[in-house]
Amino acid sequence: MELLVRNRLPRSTASPIPRRGLRVLLQNLLALEAVSPNVEVSVLFCTDALIHELNRRYRGVDRPTDVLSFPQESPAPPEGPHPLGDVVISVETAAQQAVERGRPLDEEVAWLFLHGVLHLLGYDDATAAEAREMDQRAHRILEATHAAKIG
């Protein structure tokens with residue numbers, strides 16, 4: 001499993017969640033979804049300005065959002081990890097949502113990361129039922145991650 005993490009935040013802003021935490025989340029997601037760990041996922045932490053531009057350019061939506069997913073559409077290479085795609089997370093929006101939801105920023109970012117990777121695996125949240133299913137899956141993965149840390 002390969003996890004590529006990039007930080008396009010101002011210099012004084014640290015990554016909102018350690019790379020190790022993201023790896024554990026991704027490992028648990030792949031295991032619970034019965035997906036081969038021979039994958040590559042890229043995550044980019046950015047500002048509202050950058051995610052706004054990406055949202056406008058690729059989705060035609062002229063506003064910032066919390067998370068975007070860009071599934072890899074080319075065929076998998078014959079050897080090496082299969083690239084699933086890219087997840088882009090606005091840390092500014094995540095911070096606002098964390099306050100609104102009464103949880104720490106790292107938990108909000110973990111939730112958005114899982115949500116983004118579930119999109120890379122083909123899940124959608126266009127309907128209320130689909131959104132509920134994605135939320136349940138993300139919740140199950142977070143529970144497994146917390147249990148692993150405690151146990």
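The values are calculated or read from the model by the stated rules, or taken from the named source; none is laboratory data. Bear in mind that the values here come from a model prediction, so they are computed numbers and not experimental data. Quick reminder, even Gly has a Cβ in these numbers, built from the backbone with ideal geometry, and neighbours come from all protein chains shown.
Report yes if Leu26 is aliphatic (A, V, I, L, M) and either surrounded by 19 or more Cβ atoms within 10 Å (Cβ to Cβ) or not in a helix (DSSP H, G or I) (or both), otherwise no. Step through it out loud before you land on a result.
On the way: aliphatic (A, V, I, L, M): yes; either surrounded by 19 or more Cβ atoms within 10 Å (Cβ to Cβ) or not in a helix (DSSP H, G or I) (or both): yes.
Judged against the criteria, Leu26 is a match.
Return the residues of the stretch 34-92 that are among the basic types (Lys, Arg) and out of contact with any Asp or Glu (no Cβ under 8 Å at 6 or more places or on another chain); say none if nothing qualifies.
The initial filter retains those residues of the stretch 34-92 that are among the basic types (Lys, Arg), namely 56-57, 59, 63.
Within the stretch 34-92, Arg57, Arg59, Arg63 qualify.
Residues of the stretch 52-73 being basic (Lys, Arg) and over 18 Å from the mean Cα position of the chain (by Cα), which ones?
Filtering the stretch 52-73 for residues basic (Lys, Arg) gives 56-57, 59, 63.
Listed by number, the residues that qualify are Arg56, Arg57, Arg63.
Could you tell me which residue of the stretch 92-107 is farthest from Ala138 (Cα to Cα), considering only residues that are in contact (Cβ under 8 Å) with a residue 40 or more places away in the chain and of a type in the set (D, E, K, R)?
Looking at residues that are in contact (Cβ under 8 Å) with a residue 40 or more places away in the chain and of a type in the set (D, E, K, R), I get Glu92.
Could you tell me which of the residues Leu118, Leu68, Leu84 is crowded, with 20+ Cβ neighbours inside 10 Å, touching a strand residue (DSSP E or B) at 6+ places or on another chain (Cβ under 6 Å) and farther than 23 Å from Ala14 by Cα? Quick ask: steps written out before the conclusion?
On the way: Leu118 fails: touching a strand residue (DSSP E or B) at 6+ places or on another chain (Cβ under 6 Å); Leu68 fails: farther than 23 Å from Ala14 by Cα.
None of the other options fit; the residue is Leu84.
Condition first: surrounded by 17 or more Cβ atoms within 10 Å (Cβ to Cβ) and touching a strand residue (DSSP E or B) at 6+ places or on another chain (Cβ under 7 Å). Now tell me which residues in the stretch 10-23 satisfy that.
As a first pass, look at the stretch 10-23 and keep what is surrounded by 17 or more Cβ atoms within 10 Å (Cβ to Cβ): 15-17, 21-22.
Passing the criteria: Ser15, Pro16, Leu22.
Leu50 passes all but one of (1) over 19 Å from Trp111 (Cα atoms); (2) surrounded by fewer than 15 Cβ atoms within 10 Å (Cβ to Cβ); (3) of a type outside the set (Ser, Thr, Tyr); which number fails?
The failed condition is (2).
Residues being among the aliphatic types (A, V, I, L, M), within 19 Å of Pro81 (Cα to Cα) and under 12 Å from the mean Cα position of the chain (by Cα): count how many of those fall in the stretch 5-34.
Summing the residues that are among the aliphatic types (A, V, I, L, M), within 19 Å of Pro81 (Cα to Cα) and under 12 Å from the mean Cα position of the chain (by Cα) in the stretch 5-34 gives 5.
Taking the stretch 35-47 as the search range and keeping residues that are within 14 Å of the chain's Cα centre (by Cα) and not small (Gly, Ala, Ser), which one is surrounded by the most Cβ atoms within 10 Å (Cβ to Cβ)?
First, the residues of the stretch 35-47 that are within 14 Å of the chain's Cα centre (by Cα): 40-46.
Filter again for not small (Gly, Ala, Ser), leaving 40-41, 43-46.
Numbers: Glu40: 18, Val41: 26, Val43: 24, Leu44: 20, Phe45: 24, Cys46: 22.
By that ranking, first place goes to Val41.
For residues in the stretch 137-151 being loosely packed, with under 15 Cβ neighbours inside 10 Å and under 14 Å from Ala110 (Cα atoms), which is modelled with the lowest pLDDT? Give the steps one after another, and end with the answer.
Taking the stretch 137-151 as the starting set, the residues that turn out to be loosely packed, with under 15 Cβ neighbours inside 10 Å are 139, 143, 146-151.
Narrowing further to those that are under 14 Å from Ala110 (Cα atoms): 139, 143, 146.
On the way: His139: 92, Glu143: 89, His146: 78.
So the residue we want is His146.
Tell me, yes or no, whether the stretch 123-135 has at least one residue that is among the acidic types (Asp, Glu) and within 17 Å of Leu44 (Cβ to Cβ).
Step one: list which residues in the stretch 123-135 are among the acidic types (Asp, Glu), which gives 124-125, 130, 133, 135.
Now restrict to residues that are within 17 Å of Leu44 (Cβ to Cβ): none.
Taking every residue of the stretch 123-135 in turn, none turns out to be among the acidic types (Asp, Glu) and within 17 Å of Leu44 (Cβ to Cβ).
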